[in-house]
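Heads up, the thing below is written out as structure tokens.
Every number here is computed from the coordinates shown, using simple stated rules; none is lab data. As the structure is a computational prediction, the values presented were derived from the model and not from experiment. Note that we place each Cβ from the backbone using ideal geometry, even for glycine, and neighbour counts take in every protein chain shown.
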Amino acid sequence: MVYRQKISYILLFFAFLVIVHTNAEIVEDQPLGDLKEHFREPKEVDWKEITGDEKFEEFAVKKKPEEQENQDFHEKTPSSNSFDFEGFRYIAIGIIGVILLVLLALILSNLKSNPSIKKNLEYSIAEAEENIDKSDLHYLLDRALEAKEYKLALRIHYLIVIKALNTKGHIIYKKEKTNYQYMTEMIPHSSHVEFKKLTHLYEYFWYGDKELKKEKYDPISKVMVHYVERINSKS
């Protein structure tokens, strides 16, 4: 989780720098204001102040009707050379955001599918099998689920079942024993049929080539949890 947070902060900081740089470029490329604001035709008020003559209409330069129509048309029609910088800014930010999300998803998927995580879990499970009574199987289960290693999670969950049966004295746990031996030991007990079904379901996914995804793991884990609760509730 710490590595994911660090990567997220780095990517967000990078996105911030890119957005700031994009805004700076847009500001630099902004066109100057309309020259008409600086160089306009004299109005009657200006003419009176300068010349003292009130006959402004006689000296004002009048445009021909055709020229006035052309000017009005050009003022109302946007130039074909104009560029929508504001729209470009939003498009650039959107593209950058999509790229960052894709990169983040790829990095997180690589972290989740890291082979070293799976190997460490397998080693921890092997150690737990050596001394199942003192092992913290629920901690290993949480690690497997966090890494989305559902096959390993199923293996750990089955060991939790075996540990519960061993604690209650229904079976005698030994690492070298087979599941068939455990099923034989469970025959005198009322829950042996349910245990047999759980064992077959576990072996189907653990020893087979079938991929175990979350949608298939969840219902199996619920059955195992319910079975362990029943075993622990009995004296």
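Details
- Positions within the range 132-175 being more than 20 Å from residue 119 (Cβ to Cβ), among the small types (Gly, Ala, Ser) and in contact (Cβ under 8 Å) with a residue 24 or more places away in the chain, in sequence order: 164
- Residues that are part of a helix (DSSP H, G or I), small (Gly, Ala, Ser) and surrounded by 11 or more Cβ atoms within 10 Å (Cβ to Cβ) within the range 126-146 comprise 128, 144, listed in sequence order.
- Residue that is hydrophobic (A, V, I, L, M, F, W, C) and over 17 Å from residue 226 (Cα atoms), where the choices are 152, 165, 159: 152
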